[in-house]
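The values are calculated or read from the model by the stated rules, or taken from the named source; none is laboratory data. Predicted, not measured: the structure shown is a model, and the values here were computed from it. Ideal geometry is used to build each Cβ from the backbone, glycine not excepted, and the neighbour counts take in all protein chains shown. These accessible areas exclude ligands, DNA and RNA; they are computed on the full protein's heavy atoms, side chains included. Shrake-Rupley method; radii C 1.70, N 1.55, O 1.52, S 1.80 Å.
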Amino acid sequence: MMSSSFQYPLFSVLMSVYANEKAVFFRDALESICNQSIQPNDFVLVVDGPISKDLEDVIEEFKKRLPMNIVRFQINKGLGYALSKGLVHTKYEIVARADSDDINNENRFKIQLQHFNKNPELILIGGQISEFNTNPDIIENKRIVPITRKEIYQFSKRRSPFNHPTVMFRKSQILKVGGYIDFPPFEDYHLWMRLLNEGYLSENLPDILVKMRLGSELYRRRGGSKYLWKYIQLRLYFYQRHFISISECISSVVLMTINVMLPVKVRKFAYSIFLRRQK
(Lines give C-alpha, C1' and ligand atoms only; values in the text may rest on other atoms or scores of the structure.)
Protein backbone atom coordinates (compact mmCIF):
# COMPACT_ATOMS: atom_id res chain seq x y z
CA MET A 1 0.00 0.00 0.00
CA MET A 2 1.02 3.61 -0.61
CA SER A 3 2.36 5.28 2.53
CA SER A 4 -0.04 7.75 4.12
CA SER A 5 2.82 10.28 4.06
CA PHE A 6 3.07 10.14 0.27
CA GLN A 7 2.84 13.63 -1.20
CA TYR A 8 1.26 13.71 -4.64
CA PRO A 9 3.32 15.81 -7.06
CA LEU A 10 1.94 18.97 -8.61
CA PHE A 11 0.58 18.29 -12.09
CA SER A 12 -1.19 19.89 -15.02
CA VAL A 13 -4.11 18.80 -17.19
CA LEU A 14 -4.10 19.60 -20.92
CA MET A 15 -7.37 19.78 -22.89
CA SER A 16 -8.47 21.29 -26.21
CA VAL A 17 -12.00 22.29 -27.23
CA TYR A 18 -13.31 23.48 -30.60
CA ALA A 19 -16.55 24.59 -32.25
CA ASN A 20 -18.00 21.17 -33.04
CA GLU A 21 -18.10 20.02 -29.42
CA LYS A 22 -21.46 19.80 -27.67
CA ALA A 23 -21.76 21.85 -24.51
CA VAL A 24 -23.43 19.04 -22.55
CA PHE A 25 -20.57 16.64 -23.35
CA PHE A 26 -17.98 19.31 -22.56
CA ARG A 27 -19.64 19.91 -19.19
CA ASP A 28 -19.59 16.18 -18.42
CA ALA A 29 -15.87 16.03 -19.22
CA LEU A 30 -15.03 18.99 -16.98
CA GLU A 31 -17.24 17.65 -14.20
CA SER A 32 -15.26 14.41 -14.28
CA ILE A 33 -12.09 16.46 -13.72
CA CYS A 34 -13.67 18.30 -10.79
CA ASN A 35 -14.72 14.96 -9.30
CA GLN A 36 -11.17 13.56 -9.26
CA SER A 37 -9.94 12.24 -5.92
CA ILE A 38 -6.68 14.14 -6.58
CA GLN A 39 -7.28 17.56 -8.12
CA PRO A 40 -4.98 19.10 -10.75
CA ASN A 41 -2.90 22.12 -9.78
CA ASP A 42 -3.06 23.61 -13.26
CA PHE A 43 -5.60 23.20 -16.08
CA VAL A 44 -4.61 24.40 -19.54
CA LEU A 45 -7.61 24.67 -21.86
CA VAL A 46 -6.87 25.44 -25.51
CA VAL A 47 -9.85 27.06 -27.23
CA ASP A 48 -9.10 26.10 -30.82
CA GLY A 49 -10.85 28.84 -32.79
CA PRO A 50 -14.25 30.50 -32.29
CA ILE A 51 -16.76 28.46 -30.26
CA SER A 52 -20.46 28.76 -29.45
CA LYS A 53 -21.93 30.77 -26.60
CA ASP A 54 -23.02 27.49 -24.98
CA LEU A 55 -19.41 26.31 -24.86
CA GLU A 56 -18.26 29.70 -23.57
CA ASP A 57 -20.87 29.48 -20.82
CA VAL A 58 -19.47 26.11 -19.74
CA ILE A 59 -15.98 27.60 -19.57
CA GLU A 60 -17.25 30.48 -17.42
CA GLU A 61 -18.96 28.02 -15.10
CA PHE A 62 -15.86 25.88 -14.57
CA LYS A 63 -13.38 28.76 -14.29
CA LYS A 64 -14.68 29.01 -10.73
CA ARG A 65 -13.93 25.35 -10.03
CA LEU A 66 -10.71 24.58 -11.90
CA PRO A 67 -7.33 26.40 -12.00
CA MET A 68 -7.85 27.32 -15.66
CA ASN A 69 -5.22 28.83 -17.91
CA ILE A 70 -7.00 29.50 -21.22
CA VAL A 71 -5.09 29.65 -24.50
CA ARG A 72 -7.14 30.96 -27.45
CA PHE A 73 -6.68 30.82 -31.21
CA GLN A 74 -8.55 33.13 -33.57
CA ILE A 75 -8.97 30.32 -36.11
CA ASN A 76 -9.18 26.56 -35.76
CA LYS A 77 -5.68 25.05 -35.98
CA GLY A 78 -6.33 21.35 -35.32
CA LEU A 79 -5.62 19.10 -32.36
CA GLY A 80 -1.90 18.53 -32.91
CA TYR A 81 -1.12 22.23 -33.16
CA ALA A 82 -3.43 23.05 -30.23
CA LEU A 83 -1.78 20.50 -27.96
CA SER A 84 1.73 21.56 -28.97
CA LYS A 85 1.01 25.16 -27.97
CA GLY A 86 -0.98 24.17 -24.91
CA LEU A 87 1.80 21.95 -23.62
CA VAL A 88 4.18 24.91 -23.56
CA HIS A 89 1.76 26.74 -21.23
CA THR A 90 1.48 23.90 -18.68
CA LYS A 91 3.16 24.78 -15.39
CA TYR A 92 4.30 21.38 -14.15
CA GLU A 93 6.50 18.50 -15.27
CA ILE A 94 3.76 15.90 -15.03
CA VAL A 95 0.92 16.47 -17.49
CA ALA A 96 -2.31 14.52 -17.92
CA ARG A 97 -4.18 14.61 -21.23
CA ALA A 98 -7.96 14.77 -21.13
CA ASP A 99 -10.49 15.01 -23.94
CA SER A 100 -13.35 17.49 -23.97
CA ASP A 101 -16.12 14.91 -24.38
CA ASP A 102 -14.91 11.90 -22.35
CA ILE A 103 -15.54 10.97 -18.73
CA ASN A 104 -12.57 10.26 -16.45
CA ASN A 105 -12.65 7.64 -13.72
CA GLU A 106 -12.67 9.50 -10.39
CA ASN A 107 -9.40 7.86 -9.29
CA ARG A 108 -7.62 8.17 -12.64
CA PHE A 109 -5.08 10.83 -11.63
CA LYS A 110 -4.46 9.27 -8.22
CA ILE A 111 -3.68 5.86 -9.73
CA GLN A 112 -1.32 7.29 -12.35
CA LEU A 113 0.53 9.57 -9.95
CA GLN A 114 1.15 6.64 -7.62
CA HIS A 115 2.76 4.69 -10.46
CA PHE A 116 4.96 7.65 -11.37
CA ASN A 117 6.08 7.81 -7.77
CA LYS A 118 6.99 4.10 -7.75
CA ASN A 119 9.11 4.37 -10.89
CA PRO A 120 11.05 7.62 -11.46
CA GLU A 121 12.21 6.33 -14.87
CA LEU A 122 8.64 6.06 -16.13
CA ILE A 123 7.97 8.69 -18.82
CA LEU A 124 4.42 7.94 -19.91
CA ILE A 125 1.61 5.86 -18.49
CA GLY A 126 -1.78 5.20 -20.05
CA GLY A 127 -4.64 2.84 -19.40
CA GLN A 128 -7.70 1.17 -20.82
CA ILE A 129 -10.91 2.77 -22.06
CA SER A 130 -14.52 1.69 -22.20
CA GLU A 131 -16.63 3.06 -25.04
CA PHE A 132 -20.24 4.25 -24.92
CA ASN A 133 -22.69 5.96 -27.26
CA THR A 134 -25.13 8.01 -25.19
CA ASN A 135 -25.31 6.50 -21.70
CA PRO A 136 -21.90 6.15 -19.95
CA ASP A 137 -23.33 3.34 -17.84
CA ILE A 138 -24.03 1.26 -20.95
CA ILE A 139 -20.65 0.11 -22.27
CA GLU A 140 -20.51 -0.90 -25.93
CA ASN A 141 -16.88 -2.02 -26.23
CA LYS A 142 -13.48 -1.68 -24.61
CA ARG A 143 -10.20 -0.71 -26.26
CA ILE A 144 -7.63 -2.81 -24.45
CA VAL A 145 -3.98 -1.98 -25.05
CA PRO A 146 -0.92 -3.95 -23.89
CA ILE A 147 0.62 -3.48 -20.45
CA THR A 148 4.34 -4.25 -20.54
CA ARG A 149 7.12 -2.39 -22.32
CA LYS A 150 7.87 -5.29 -24.70
CA GLU A 151 4.22 -5.84 -25.58
CA ILE A 152 3.67 -2.13 -26.15
CA TYR A 153 6.64 -1.91 -28.52
CA GLN A 154 5.46 -4.86 -30.62
CA PHE A 155 1.84 -3.68 -30.65
CA SER A 156 2.92 -0.19 -31.73
CA LYS A 157 4.23 -1.57 -35.03
CA ARG A 158 0.62 -2.36 -35.99
CA ARG A 159 -1.59 0.03 -34.04
CA SER A 160 -1.41 2.93 -31.63
CA PRO A 161 -0.28 1.42 -28.30
CA PHE A 162 -1.81 4.04 -25.99
CA ASN A 163 -5.32 5.35 -25.54
CA HIS A 164 -4.62 9.05 -25.98
CA PRO A 165 -7.33 10.37 -23.58
CA THR A 166 -5.81 8.28 -20.75
CA VAL A 167 -2.14 9.25 -20.91
CA MET A 168 -0.10 11.07 -18.27
CA PHE A 169 3.52 11.94 -19.07
CA ARG A 170 6.64 13.83 -18.11
CA LYS A 171 6.64 17.03 -20.12
CA SER A 172 10.41 17.42 -20.54
CA GLN A 173 10.85 14.09 -22.34
CA ILE A 174 7.82 14.68 -24.55
CA LEU A 175 9.30 18.01 -25.64
CA LYS A 176 12.71 16.39 -26.10
CA VAL A 177 11.36 14.09 -28.84
CA GLY A 178 9.58 16.98 -30.57
CA GLY A 179 6.24 17.06 -28.74
CA TYR A 180 2.94 17.08 -30.58
CA ILE A 181 3.02 17.99 -34.24
CA ASP A 182 0.30 18.91 -36.72
CA PHE A 183 -0.34 15.47 -38.24
CA PRO A 184 -4.12 14.84 -38.19
CA PRO A 185 -5.58 12.45 -37.26
CA PHE A 186 -2.46 10.60 -36.09
CA GLU A 187 -0.73 13.26 -33.96
CA ASP A 188 -0.73 10.97 -30.92
CA TYR A 189 0.51 7.83 -32.74
CA HIS A 190 3.29 9.89 -34.35
CA LEU A 191 4.41 11.05 -30.90
CA TRP A 192 4.27 7.56 -29.35
CA MET A 193 6.54 6.17 -32.08
CA ARG A 194 9.15 8.87 -31.48
CA LEU A 195 8.99 8.27 -27.74
CA LEU A 196 9.33 4.48 -28.03
CA ASN A 197 12.03 4.75 -30.68
CA GLU A 198 14.17 6.71 -28.20
CA GLY A 199 13.77 3.93 -25.64
CA TYR A 200 11.82 5.91 -23.05
CA LEU A 201 10.03 3.72 -20.52
CA SER A 202 6.27 3.72 -21.10
CA GLU A 203 3.55 1.49 -19.68
CA ASN A 204 -0.19 0.97 -19.60
CA LEU A 205 -2.28 0.14 -16.56
CA PRO A 206 -4.88 -2.64 -16.70
CA ASP A 207 -7.46 -0.27 -15.18
CA ILE A 208 -10.27 1.40 -17.11
CA LEU A 209 -9.29 5.04 -16.68
CA VAL A 210 -11.66 6.78 -19.09
CA LYS A 211 -15.12 6.27 -20.55
CA MET A 212 -14.85 7.39 -24.16
CA ARG A 213 -17.79 8.77 -26.10
CA LEU A 214 -18.01 7.12 -29.51
CA GLY A 215 -20.21 9.58 -31.37
CA SER A 216 -21.89 9.03 -34.70
CA GLU A 217 -18.99 10.36 -36.78
CA LEU A 218 -16.17 8.25 -35.33
CA TYR A 219 -16.23 5.48 -37.94
CA ARG A 220 -17.04 7.86 -40.78
CA ARG A 221 -13.85 9.82 -40.01
CA ARG A 222 -11.80 6.63 -40.30
CA GLY A 223 -12.43 6.33 -44.00
CA GLY A 224 -11.84 8.29 -47.18
CA SER A 225 -8.84 9.20 -49.30
CA LYS A 226 -7.50 11.91 -46.95
CA TYR A 227 -7.43 9.51 -44.03
CA LEU A 228 -5.70 6.84 -46.13
CA TRP A 229 -3.09 9.27 -47.49
CA LYS A 230 -2.21 10.49 -44.01
CA TYR A 231 -1.91 6.89 -42.83
CA ILE A 232 0.44 6.08 -45.73
CA GLN A 233 2.60 9.09 -44.81
CA LEU A 234 2.68 7.91 -41.20
CA ARG A 235 3.75 4.38 -42.09
CA LEU A 236 6.42 5.65 -44.49
CA TYR A 237 7.76 7.86 -41.70
CA PHE A 238 7.88 4.84 -39.38
CA TYR A 239 9.81 2.92 -42.03
CA GLN A 240 12.25 5.79 -42.63
CA ARG A 241 12.96 5.92 -38.90
CA HIS A 242 13.63 2.15 -38.92
CA PHE A 243 10.70 1.55 -36.59
CA ILE A 244 9.03 -0.94 -38.97
CA SER A 245 10.26 -3.05 -41.88
CA ILE A 246 9.24 -2.55 -45.50
CA SER A 247 7.00 -5.63 -45.33
CA GLU A 248 5.30 -4.28 -42.19
CA CYS A 249 4.81 -0.97 -43.95
CA ILE A 250 3.26 -2.50 -47.07
CA SER A 251 1.01 -4.98 -45.25
CA SER A 252 -0.41 -2.30 -42.95
CA VAL A 253 -1.14 0.03 -45.88
CA VAL A 254 -2.93 -2.78 -47.75
CA LEU A 255 -5.11 -3.53 -44.72
CA MET A 256 -5.91 0.14 -44.19
CA THR A 257 -6.81 0.55 -47.87
CA ILE A 258 -9.36 -2.22 -47.47
CA ASN A 259 -10.65 -0.60 -44.29
CA VAL A 260 -11.28 2.84 -45.79
CA MET A 261 -13.14 1.30 -48.73
CA LEU A 262 -15.67 -0.40 -46.45
CA PRO A 263 -19.12 1.16 -45.95
CA VAL A 264 -19.37 2.94 -42.59
CA LYS A 265 -21.70 0.32 -41.05
CA VAL A 266 -19.40 -2.50 -42.13
CA ARG A 267 -16.36 -0.61 -40.82
CA LYS A 268 -18.06 -0.15 -37.44
CA PHE A 269 -18.85 -3.85 -37.28
CA ALA A 270 -15.27 -4.80 -38.22
CA TYR A 271 -13.83 -2.54 -35.52
CA SER A 272 -16.12 -3.97 -32.86
CA ILE A 273 -15.29 -7.57 -33.80
CA PHE A 274 -11.58 -7.40 -34.60
CA LEU A 275 -10.19 -4.31 -32.86
CA ARG A 276 -12.29 -4.05 -29.72
CA ARG A 277 -13.10 -6.27 -26.77
CA GLN A 278 -16.79 -6.79 -26.19
CA LYS A 279 -18.15 -5.66 -22.84
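The table that follows gives values for the structure above.
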item: Farthest toward positive dipole pole in the chain [+1 Lys/Arg, -1 Asp/Glu at C-beta], among GLN128, LEU10, ILE59; result: GLN128
item: GLN74-LYS226 pseudo-label distance in nm [points 7 Å out on the Cα-to-Cβ vector]; result: 2.3
item: Förster radius 45 Å - calculated FRET efficiency between GLN240 and ASN133, Cβ distance, rounded to 0.05; result: 0.70
item: Solvent-accessible area, 1.4 Å probe, carbon plus sulfur percent, for the chain; result: 55
item: Label point distance in nm, LEU262-ASN107, each placed 7 Å from Cα along Cα→Cβ; result: 3.6
item: Accessible surface, 1.4 Å probe, highest first, among residues HIS115, HIS242; result: HIS242, HIS115
item: Nearest-10 value in Å² for the accessible area of LEU79, using the 1.4 Å probe; result: 60
item: Accessible surface, per residue, of the range 6-119 when the full set of protein chains is kept, probe 1.4 Å, Å²; result: 44
item: Nonlocal amide H pairs with VAL46, under 5 Å, H built at 1.01 Å; result: MET15, SER16, VAL17, VAL71
item: Per-residue SASA entry for TYR237, accessible area with 1.4 Å probe, Å² rounded to 10; result: 60
item: Cα-based equivalent ellipsoid of the chain: semi-axis lengths in Å, sorted from largest, via gyration tensor; result: 28, 23, 19
item: For LEU205, solvent-accessible area (1.4 Å; no DNA, RNA or ligand), Å²; result: 10
item: P(r) tail fraction, the range 1-149 - alpha-carbon pairs more than 20 Å apart, %; result: 52
